[in-house]
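Report on the following structure.
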Amino acid sequence: MSISISKVGRSHKRDASRGPVRRGCLGEHSRPRALGEKVLRERCLVLLGCLCLLLAIPGAAFAAPVVDGPTRGTFLYNLADFDGPVPADWANVFVDPSHHEIYVTSVSTRTVRIFNEYGMQVHSFGEDEQFGAIRDGAVHPNGDIFLLSMHKRTATVVRCDYRGEPLETIAIDDLPEDFADLSLDRMAYRAGLLYLADRQHMKVVVVDEAGKFRRGIDLAKLMEMSEERGADDDSGITGFSVDRAGNIYFTVQSNFAAYRLDANGRLDGFGKPGSSPGKFGVVGGVVSDDRGNILVADILRSVVGVFGEDFRFKSEFGYRGRRPENLVAPKEIAFDRDRVFVSQRGGRGISVFQMTYGSPTQPNETETRKEREATKRGSGASRLEGNLEKQVEFRK
């Protein structure tokens, strides 16, 4: 310390002997430096305050901003546990819109995994196989879980508490003859009603929470399809979902199309076979978002297409590849609070995408260029597309 003081003293005397100009130069340089440090501190404090305010806003991380350009999906992450992304092949996924939790079921593992709104697993049950082969599920607003499973070759609906402890088995009795012998494998819950679907026979049974029959829907008859159609997967339903208004959405691979049956019984559909954006290769899951857009998974093209309420094509995202934002044969799909959950093959589990919404009148050049490149790549399959090309007629 004494050495340092001694050096400063000698330096000060040497500068003093040279007159006030040297001292003035030191003052001119030191003052801006002090001001710069002060401004930097103030900016850091403002930045920290903004960050704290953002974290204090509930759901701020999941807000869907309105942007210039078309509606699009941006990759966020994969559902994971503490060991990393949870691998799965074509697992079924459904959500709890009240608590924003995600449920993943698999016929092969016969378990239910529960993930919180940030995509981390918080609970699982069914490891003891007490529910049999779990086909699908739905969540009551109070947190109770409905499970649709096959037990001893019989479709069973079990109501559980939020931990997966069975509360009751719902008996589905007094079904009309045309709906009595069904192989139910999909389920949705809306406004006190359970929608149970037999995808192979294209029939839907609607019951209340006690299992009492309310109505039955024969989708094949509504579409005027032949009763002698084959029993393979292509001739039945692939995707199935029900929105908050009670509209039923489903896809039919053999028609290269997606359909909407509204609450008034009006059936509309859209779709055209092909490999370019807006066309379908092999359709998979289908779901509607809170803005009326319809999202359709394309297993063959490895994309999720976004269509407006009027069935007009808006955009698509995913594309085949091994990068995190890519998809590999996406099939099942679910939606909650501007997030899309996509199940795929290759052990890639469930990918989560954030939806952003923009004006279609102001196309984004980057997105438009990607679509042009995708169209150019698809042109190489024009001969195949020519064989598939047909306009599907729908009952309006």
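Read-outs throughout are calculated quantities, based only on the coordinates presented, and are distinct from any laboratory measurement. A quick note: this is a predicted structure, and the numbers were derived from the prediction, not measured. With ideal geometry, Cβ positions are generated from the backbone for all residues, glycine too; neighbour counts draw on all protein chains shown.
General remarks:
- Taking amide H as placed 1.01 Å from N in the peptide plane, Ser302 has its amide H under 5 Å from the amide H of Ala329, each at least 5 places away in sequence or on another chain.
- Relative contact order of the range 67-388, defined on C-alpha pairs under 8 angstrom at six or more residues apart (%): 19
- With θ taken as phi - 60° and the Karplus curve 6.51 cos²θ - 1.76 cosθ + 1.60 applied, the whole-hertz 3J(HN,Hα) list for the range 100-105 is 6, 9, 10, 10, 10, 10 Hz, x standing for glycine and proline.
- Computed from the alpha carbon atoms alone, the convex hull of the range 258-298 holds 74 Å³ per residue.
- Counting charges near Leu175 (Lys, Arg +1; Asp, Glu -1) among other residues having Cβ under 14 Å from its Cβ returns a value of -4.
- Beta bridge orientation in the range 67-388: antiparallel %, DSSP, nearest 5: 95
- Beyond 37 Å, the tail of the calculated P(r) for the range 67-388 holds 14 percent of the Cα pairs.
- Exceeding the 25 Å Cα-Cα cut-off - candidates Lys212/Lys331; Lys221/Lys272; Lys221/Lys314: Lys212/Lys331; Lys221/Lys314
- Rg/Rh (Cα only; Kirkwood hydrodynamic radius) as it applies to the range 93-181: 1.00
- Gyration tensor over the Cα atoms of the range 100-150: the corresponding equivalent ellipsoid has semi-axes (square roots of 5 times the eigenvalues, largest first) of 18, 13, 8 Å.
- Applying D = kT/(6 pi eta Rh) to the range 139-262, where Rh is the Kirkwood radius over alpha-carbon pairs, T corresponds to 25 °C and eta to 0.890 mPa s, the Stokes-Einstein value obtained is 162 µm²/s.
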